[in-house]
Amino acid sequence: MIDLHYWPTPNGWKITIALEEMGLPYRVIPVNIGRGEQFKPGFLAIAPNNRMPAIVDDDPPGGGAPISVFESGAILLYLADKTRSFIPDDLRGRTAVHEWLMWQMGGLGPMAGQASHFAAYAPEKIPYAIERYMKEIERLFGVMERRLADRDYLAGEYSIADMAAVPWARGHERLKLDVAGFPKVLAWIARVSERPAVQRGLKVAAEMGAPLDDEAKKVLFGQGATPKAG
């Protein structure tokens, strides 16, 4: 059994999608990030960056004590290695998956997060910031468009790279991004989203998600070096 410390966000969806795709048994442990539960000592013991998701696998490959993993990209790699699925064994295929997973972790996710913050949550609308991040999202969609010109998935075969990227790419509607110029990306989003396991992963604990109130915004956007544990 895998304990999944989770909240329904794009980074959380990456892991529920992967767990559903891989057919692994798991138990959801809610981490209400709007109420500061990510600062509790028990969670920080497995996720020192105070960000969800995180997992604890009580049946790791090779046996032994349970293994905890934090950071969504690291979790995806761990699960792929555990199940020997959704990542190739050969060097070139594996490298391609690593490249596109890191691309999502360092680019698409952070840039979409910043675009969402300045467009929807910042107390003051700063046109420069909104334009800066929206243009970067457009650039990243252009990268995907070119990549998908001659293949169905980011790393060739469907992989954890697609599982990582699709929850963020689906957010183009919320950002009101003009995606008419990215038909390959839209087809890829539809192709991945139609998978039954992806649909199940996106629905996990969906009822827990809610619009951010003022208290939640203070918790999420006012963090310093030493936040108080909830």
* Asked: Order of 39-45, 134-140, 17-23 by packing, highest average Cβ count within 10 Å first?
  -> 17-23, 134-140, 39-45
* Shape category assigned to the stretch 69-137 from the gyration tensor of Cα positions, a/c cut at 1.5 -> prolate
* Asked: So which of Lys125/Lys203; Lys14/Lys176; Lys14/Lys184; Lys135/Lys176; Lys14/Lys125; Lys135/Lys184 end up more than 24 Å apart, counting from Cα to Cα?
  -> Lys125/Lys203; Lys14/Lys125
* To do: Can you tell me which of 119-125, 79-85 comes out highest on packing, and rank the rest after it, using the mean Cβ neighbours within 10 Å?
  => 79-85, 119-125
* Given a cut-off of 33 Å, what percent of all Cα-Cα pairs of the chain lie beyond it? -> 17
* Ordered by residue, what ³J(HN,Hα) values in Hz, to whole numbers, does the stretch 155-171 give under the Karplus form 6.51 cos²θ - 1.76 cosθ + 1.60, where θ = phi - 60° and Gly and Pro are x? -> 10, x, 7, 4, 8, 4, 5, 5, 4, 6, 7, 5, x, 7, 5, 4, x
* Structure fact -> For the chain the mean separation of alpha carbon contacts under 8 Å (6+ apart) over residue count, i.e. relative contact order in percent, is 29
* Asked: Want the number for Lys135 to Ala122: 0.36 nm per residue separation, take away the alpha-carbon distance, what's left?
  -> 2.9 nm
* How high is the relative contact order of the stretch 91-194, in percent, counting Cα pairs under 8 Å that sit 6 or more residues apart? -> 34
* For the stretch 91-194, rounded, prolate or oblate, judged on the Cα gyration tensor with a ≥ b ≥ c (square roots of eigenvalues), a/c < 1.5 rounded, else prolate if a/b > b/c? -> prolate
* 222 nm mean residue ellipticity, helices alone, for the chain (DSSP H n ≥ 4; -39,500 (n - 2.57); rounded to 500) -> -14500 deg cm²/dmol
* To do: Please find, in a Gaussian network model of the chain (springs between Cα atoms separated by less than 10 Å), the residue of Gly64, Gly142, Gly113 whose mean-square fluctuation is greatest.
  => Gly64
* DSSP-defined antiparallel bridges as percent of all bridges, the chain, nearest 5 -> 65
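Computed from the coordinates by the stated procedures, all read-outs in this text should not be read as laboratory data. On a predicted model such as this, the values are computed, not experimentally measured, just so you know. All Cβ positions, even for glycine, are placed from backbone atoms using ideal geometry, and neighbour counts span all protein chains on display.
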